[in-house]
Amino acid sequence: MAIRLEVSLNPSIPDARGRDTAARARRFLRAPVSSCRTRDVYLVDMPLSPAELARVRRAFADPVTARAAAGRLPPPKFDWLIEVGFRPGVTDNLGHTAREAIADVLDREPGPREGVYTATQYFLLGPKLARADAGRIGRDLLANELIQTCRVFSPAEWAAAPPDTEPPVIRETVEPRARPVDLGGPDEELLRISREGVLSLDLGEMKAIRDYFARPEVRSAREALGLPAAPTDVEVECLAQTWSEHCKHKIFAARIRYVDVDGREEWIDSLFKTFIRGATERVARERDWLVSVFTDNAGIIRFSDRYHLAVKVETHNTPSALDPYGGAITGIVGVNRDLMGAGMGGELVCNTWGYCFASPFHDGPVPEGLMPPRRIRDGVHQGVIDGGNQSGVPWMRGFERFDERFLGKPLVFCGTVGRIPCALQGRPSERKEVAPGDLIVMCGGRIGKDGIHGATFSSEELRKESPAQAVQIGDPITQRRMYEFLIEARDAGLYRAITDNGAGGLSSSVGEMSRLSGGADLDLALAPLKYEGLQPWEILLSEAQERMTLAVPPEHWDTLSALARRRDVEATALGRFTGSGALVVRYGDRVVGRIGLDFLHDGCPRLTLEARWTPPAVPAPARPRAGARTGVLLDLLRSLNVCSKEFKSRRYDAEVKGLSVVKPFVGARADLPADATVMRVEHDRDEGLILADGINPFYSDLDTYAMAASVVDEAVRRVISAGGSLDRIAGLDNFCWPDPVLSEKTPDGPHKLAQLVRANRALYDVTTAYGVPCISGKDSMKNDSVRGGKKISIPPTLLFSTIGVLDDVRRAVTPDFKQAGDVIYAVGLTRDELGASEYHRLLAARQGRPGAIGGAPPGLDAALATRLYRAIGEAAQAGLLRSSHTPTLGGLAVALALAAMGGNLGADADLAAAPGAAGLDDDALLFSESNSRFVVTCAPERAGELEALFRDLPCARAGTVTAEARLRLRIGSRRKADVSIDRIRRAFKETLDGF
Amino acid sequence: MVSDPSILILTGHGLNCEAESKYAWERAGARTKLLHFNDLLAEPRSLHDHAGLMFIGGFSYGDHMGSGHVMALRARHRLREDLEQFIGAGKLVLGVCNGFQILVKLGLLPGLDGDYFTPRAALLPNEGGVFQNFWVRVRFEPGSPCVFTRGLEFMDLPIRHGEGRFFAPPDVLARIEAGGCAACRYVDPATGEPATKFPHNPNGSVNAIAGLCDPTGRVFGLMPHPEANLHRENHPRWTGGDGLMLFQSAVAWLRKA
């Protein structure tokens, strides 16, 4: 029994949370809620004397605005009460803080079994509200029943029910021990073990494990440690985790037979080695600023004489599908930890995010067990908002793309940029070393069942019975404390190496670090737990958040441990790194596992896969009659993929640290999304970084080669548009694909794999042509859902993120028109490339044939683009560019409309002379999404200089910036659009305003 | 003595504006010391080595139980005497955003009648219900005793908070206004007059109060972030940098004191 405390705002104080709940219930669920008041409930699971209770009660409520009572407060008038609490074992951040507050108020530390658990009450008023409505509000708006409990009471039921004082505590008393796994059975038996254990290992892998444990030298080594002949669950789970697609990238490492459309056959020996690392190795010969690529938690490049930059972009798709808030917050604080564990430890500079969802206005059926897209979107945003804001890291880039196929699985990209002093204690900061004898130290949060099987699970499609344990919840404040502690420890030289605990938990972090010393000896019984009842293998694999693993020289342990205590951070030595050649795992005085490092890391059999390319036949939409296109332009601005995402974006903090230069939204009213963002890295220096990205899953419906080439070009040209130089741009690739492996459930695997091959080839071709090395990347290869008996696969998606370096941020260029009278130029060739464009997708939808988006997708002339980008760079350096904006979705027409809107000015434009216009039909000229183009403006008195720079390049005058806020767009004598900037702004903003 | 005044900046537990706050004070001519809150609790007397104390922005304790609530609980419990002594010695206290919330939760603001530990006002969740980040225009009131805002008039500053709606019971509000303690207000950029509506009044604050000082003018807190407006390029239209003046004003006052 716990002590129940209820805290309520005084009736005269507005309840913003209640008001928001009522508004969302009305808006999203059409539930007749007239008002809502809320309360916080604390279940204090520790004995308190009456005097102590009185002190706690006083401390919990703000004396000006709220009151608290032990037991129940008298309820306000209500028709239904919904009480939402946590399920046992789920991270309760508010509860943790309340526990600390009690410790302070009472001047005593609560015991290990004493805790505080929280719940929230929603008192709903609404005379027409039925119980079923209240239930829906609970399930569909307030609680995720995977991790939370949700109970509904009528006033009579509430009055009759005794106050709930049962805390959601896990008190299991199972004996922790390792169990042998018998792999001696037939093939079907091996597959059953893999399937039922969520190991995600195929038959070849299961056999490799069986054969390894049968080796005589392995048997004798194990026998000497008192291990049984059969592998233990600790060993099998550890191998399954280390060999998971998530960690091992088996598809990117596979041997692939690729058969082209004409039957030509080609063998590819690892996509990663051939196309990604291959490209970077080629580019590296002419780029001397690569510090560490593909080997660490993040890519590291040289920035200045004082700092390196480290960058990483991750995906967190599966957890976000199950618990959007928890999955997404874990995504952002997780990638933050990647940076904290890069080199000797990075300092966080900024975050990026990007999501692919189904339409939030989707009102069709949703497969059983999946959430409606609006709910996923709201939860994902809120998770990354809270994770980023509470960590004190500003966001600098964000995007959203919408397609119905993301109904099955949303894509959640989270990225972080960090800085690392070039040298620490006189040594290069990117170098990682571990010496035998160093202590294995885990610091940060405690271990629970959170996220067990996260790594293997994300390598599977979403099924109805997908385990709830795959969900973790982030605690940004615990992580922030750990982060500050780690920077102190780093600067004092207290550890030798650092890495984060992400997928696979300790098995991954210790497994990886042990390669540097040649072995490790780990005692799981020493690990601090959130609650009892964890088996050894669960402790090893848990993905509980906010943890880092350090290699600490024994002579520094006392100092490190004392510093951790002073900073309220838990740090525990769990064993030692060794040179034994094996990972040895103990639980107290018993050895529960031993795996040779060679087998652990290199024993996984390679896949051989089949890829076959047949270009899809995609019909084109019917073209509307010739004439004005004002209506089309406004519809394009309203479309989900083009429209402003500002409403949600403003909930992310873009200002903390005070380093921003070009923010995510720019212009006279700060409502135009910047092509790229720019920030300083140190307060008193003018060097800066430029961030951009490219993503376009739509072109994949025609050809993933065109898709990937366009995406890389977009990410690069955005940096160029903001004033960057091709010589100083690095890239990051994130592939999110539907399962491309041929099987019974994936008969079209060879096609999807061919799409992957083609995208990789494009990535190689374009990054080598531009000299833009990839420094880090990630792939997520099983983005399919089979719930509700229906398979939904995402369109093949590549996010290419870029980071550029700028010597002087004051030279940065922004996309908004700046001054009436400036000359507008169209730079770069427009071609008839409307395939899968925003325009064709709009037409196809209007015509009721959503698949009829065919046509030529954008191509790429990299040699010409390189010359253009150099010229744009020179123009920016010379201060000739008043503005520069690169067209993407919606082509030149949308680009002109937005640049004018950004400046709150107008434009009088004629595209007849635009490069490529001759022979092109009007719609193609207006809306084609051809790559490598810019709309730039220049002061009329400097137009000559600009034109001289672009002599011999496709660049032509296309109009004038006007003081009247109106877009007048012609092609020769044909009027194509004539519309006020106010209408443009309204169209651009209205779709997701309030969403 | 003419040495540069020293400012103590508290860090830890989710506070996160230490780097830009340090830079602001140093550019304004002060020395700074970043100190983890736990280290101050361990040695509260070290507070008195400094001429000014800053509670920075961030998310102390994750804003759990209300923004600033738990940090204020701990400070009240462990630092009360030293804070009283510090203010009594004529020194300066500044709180920005979460720091302002902590000062109000403690009672340091409005600090009427020399009583610095009875909370009398509150910063409620924004009227719009959510955290928001954008730039607003504020006006510093000329009649205020606030030593941080002397000679300042209008300024654009970013807000980024979820709980910034200033509230005080009518009698307290009247005394705040009578004493010139409402040192900083949200204004409509078109008129320069106090803003009543979103977005110019971003959170629904009563009397458009964005910042508050105590009757001595030496304790000051505000929701917008002057330390995030130190470069011309910090402003969305590259017309910024004036946030620095607030720190310069405080340093000038300390040099004379």
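The values are calculated or read from the model by the stated rules, or taken from the named source; none is laboratory data. Note that this is a predicted model, so its numbers are computed, not measured. Here the Cβ positions follow ideal geometry from the backbone for every residue, glycine too, while neighbour counts run over all protein chains shown.
If we scan the range A:868-877, do we find a residue that is of a type outside the set (S, T, N, Q) and either without any contact (Cβ under 8 Å) to a residue 12 or more places away in the chain or within 14 Å of chain B (Cβ to nearest Cβ) (or both)? Within the range A:868-877 (the criterion being of a type outside the set (S, T, N, Q) and either without any contact (Cβ under 8 Å) to a residue 12 or more places away in the chain or within 14 Å of chain B (Cβ to nearest Cβ) (or both)), the answer is no, since none of the residues qualifies. The sole residue among A:F252, A:F272 that is among the aromatic types (F, W, Y), outside any strand (DSSP E or B) and out of contact with any strand residue (DSSP E or B) (no Cβ under 7 Å at 6 or more places or on another chain) is A:F272. Against the definition (part of a helix (DSSP H, G or I), more than 14 Å from every other protein chain (Cβ to nearest Cβ) and under 22 Å from A:A692 (Cα atoms)), how does A:V380 come out, yes or no? Here the answer is yes, as A:V380 does meet what is asked. The numbered conditions (1) under 29 Å from the mean Cα position of the chain (by Cα); (2) within 14 Å of chain B (Cβ to nearest Cβ) are all true for A:L550 except (2).
From the set of residues in the range A:383-435 that are polar (S, T, N, Q) and more than 14 Å from chain B (Cβ to nearest Cβ), which is surrounded by the most Cβ atoms within 10 Å (Cβ to Cβ)?
The initial filter retains those residues of the range A:383-435 that are polar (S, T, N, Q), namely A:389-391, A:416, A:425, A:429.
Restricting the remaining residues to those that are more than 14 Å from chain B (Cβ to nearest Cβ) gives A:416, A:425, A:429.
Working: A:T416: 29, A:Q425: 10, A:S429: 23.
Among them, the one singled out is A:T416.
Give the range A:714-745 a look and list any residue that's free of Cβ contacts under 8 Å to residues at least 24 places away in the same chain and either crowded, with 24+ Cβ neighbours inside 10 Å or not acidic (D, E) (or both), or say none. If the condition is that a residue be free of Cβ contacts under 8 Å to residues at least 24 places away in the same chain and either crowded, with 24+ Cβ neighbours inside 10 Å or not acidic (D, E) (or both), then A:S743 is the only one that fits.
Sort out which residues of the range A:114-136 are outside any loop (DSSP other than H, G, I, E, B), closer than 18 Å to A:P155 by Cβ and among the aliphatic types (A, V, I, L, M), and write them in order of number. Residues satisfying the conditions are A:L124, A:L125, A:A132, A:A134.
Conditions tested, residue by residue: (1) surrounded by 18 or more Cβ atoms within 10 Å (Cβ to Cβ); (2) within 30 Å of A:R651 (Cβ to Cβ).
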{"site": "A:A917", "(1), (2)": "yes, no"}
{"site": "A:T937", "(1), (2)": "yes, no"}
{"site": "A:E945", "(1), (2)": "no, no"}
{"site": "A:D952", "(1), (2)": "no, no"}
{"site": "A:G959", "(1), (2)": "yes, no"}
{"site": "A:K976", "(1), (2)": "yes, no"}
{"site": "A:V979", "(1), (2)": "yes, no"}
{"site": "A:A987", "(1), (2)": "yes, yes"}
{"site": "A:F995", "(1), (2)": "no, yes"}
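Among the criteria (1) in a helix (DSSP H, G or I); (2) modelled with pLDDT of 95 or more; (3) of a type outside the set (A, V, I, L, M); (4) more than 20 Å from A:A674 (Cα to Cα), the one A:P740 does not fulfil is (1).
Considering (1) assigned to a strand (DSSP E or B); (2) surrounded by fewer than 19 Cβ atoms within 10 Å (Cβ to Cβ); (3) of a type in the set (D, E, K, R), the lone condition that B:D171 does not fulfil carries the number (1).
Apart from one condition, A:R222 fits all of (1) touching a residue at least 24 places away in the same chain (Cβ under 8 Å); (2) exposed (fewer than 12 other Cβ atoms within 10 Å of the Cβ); (3) more than 35 Å from the chain's Cα centre (by Cα); the exception is (2).
Looking across B:G240, B:G211, B:G221, one residue alone is in contact (Cβ under 8 Å) with a residue 60 or more places away in the chain and touching an Asp or Glu at 6+ places or on another chain (Cβ under 9 Å). It is B:G240. Against the conditions (1) more than 10 Å from every other protein chain (Cβ to nearest Cβ); (2) over 28 Å from A:R57 (Cα atoms), B:E18 satisfies every one except (1).
For the range A:770-814, name all the residues that are of a type outside the set (A, V, I, L, M, F, W, C), assigned to a loop (DSSP other than H, G, I, E, B) and away from chain B (no Cβ under 14 Å).
A:G771, A:P773, A:K782, A:N783, A:K790, A:K791, A:P795, A:P796, A:D807 - these are the residues of the range A:770-814 that are of a type outside the set (A, V, I, L, M, F, W, C), assigned to a loop (DSSP other than H, G, I, E, B) and away from chain B (no Cβ under 14 Å).
Just to check your reading of the model, which residue among A:S793, A:S780 is touching a strand residue (DSSP E or B) at 6+ places or on another chain (Cβ under 7 Å), surrounded by fewer than 24 Cβ atoms within 10 Å (Cβ to Cβ) and of a type in the set (S, T, Y)?
Values: A:S780 fails: surrounded by fewer than 24 Cβ atoms within 10 Å (Cβ to Cβ).
Matching residue, one of A:S793, A:S780: A:S793.
Residue-wise test of (1) at pLDDT 95 or above; (2) of a type in the set (K, R); (3) more than 22 Å from A:N389 (Cα to Cα).
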position	(1), (2), (3)
B:F140	yes, no, yes
B:F148	yes, no, yes
B:A174	yes, no, yes
B:R185	yes, yes, yes
B:E227	yes, no, no
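If you check A:A23, A:A51 for being within 33 Å of the chain's Cα centre (by Cα) and surrounded by fewer than 16 Cβ atoms within 10 Å (Cβ to Cβ), only one passes: A:A23. For A:E964, the test of being in contact (Cβ under 8 Å) with a residue 40 or more places away in the chain, assigned to a loop (DSSP other than H, G, I, E, B) and in contact with a strand residue (DSSP E or B) (Cβ under 7 Å, 6 or more places away or on another chain) is passed.
Consider A:A654 carefully, then state whether it is within 21 Å of the chain's Cα centre (by Cα), more than 9 Å from every other protein chain (Cβ to nearest Cβ) and of a type outside the set (D, E, K, R). Spelling it out, it is not the case that A:A654 is within 21 Å of the chain's Cα centre (by Cα), more than 9 Å from every other protein chain (Cβ to nearest Cβ) and of a type outside the set (D, E, K, R). Inside the range B:221-245, residues that are away from chain A (no Cβ under 11 Å), over 11 Å from the mean Cα position of the chain (by Cα) and not in a loop (DSSP other than H, G, I, E, B) make up a count of 1. Within the range A:114-164, which residues are farther than 25 Å from A:T91 by Cα, of a type in the set (D, E) and over 35 Å from the mean Cα position of the chain (by Cα)? Of everything in the range A:114-164, just one residue is farther than 25 Å from A:T91 by Cα, of a type in the set (D, E) and over 35 Å from the mean Cα position of the chain (by Cα), namely A:E157. Looking across B:R185, B:R218, B:R175, B:R137, one residue alone is among the basic types (K, R) and within 14 Å of chain A (Cβ to nearest Cβ). It is B:R137.
Going through the range B:131-146 one residue at a time, which ones are part of a loop (DSSP other than H, G, I, E, B) and among the charged types (D, E, K, R)? Walk me through it before giving the result.
Kept after step one, since they are part of a loop (DSSP other than H, G, I, E, B), are these residues of the range B:131-146: B:131, B:141-146.
Matches in the range B:131-146: B:E141 only.
So B:G95 clears everything in (1) closer than 24 Å to A:D653 by Cβ; (2) within 13 Å of chain A (Cβ to nearest Cβ) except one condition, right? Which one? Looking at each condition in turn, B:G95 falls short on (2).
Could we say that B:M54 is within 19 Å of the chain's Cα centre (by Cα), surrounded by 21 or more Cβ atoms within 10 Å (Cβ to Cβ) and within 12 Å of chain A (Cβ to nearest Cβ) here? Criteria not met by B:M54.
At least 3 residues being of a type in the set (A, V, I, L, M, F, W, C) is the threshold, and among the strands (runs of 3 or more DSSP E) wholly inside the range A:559-615 those reaching it are A:570-577, A:582-587, A:590-596. Among the residues of the range A:1-55, those that are hydrophobic (A, V, I, L, M, F, W, C), out of contact with any Gly (no Cβ under 6 Å at 6 or more places or on another chain) and closer than 21 Å to A:L141 by Cα comprise A:A22, A:A23, A:A25, A:F28, A:L29, A:A31, A:V41.
Hey, among A:S932, A:S928, A:S973, A:S980, which residue is over 41 Å from the mean Cα position of the chain (by Cα) and of a type in the set (S, T, N, Q)? Among A:S932, A:S928, A:S973, A:S980, only A:S973 is over 41 Å from the mean Cα position of the chain (by Cα) and of a type in the set (S, T, N, Q).
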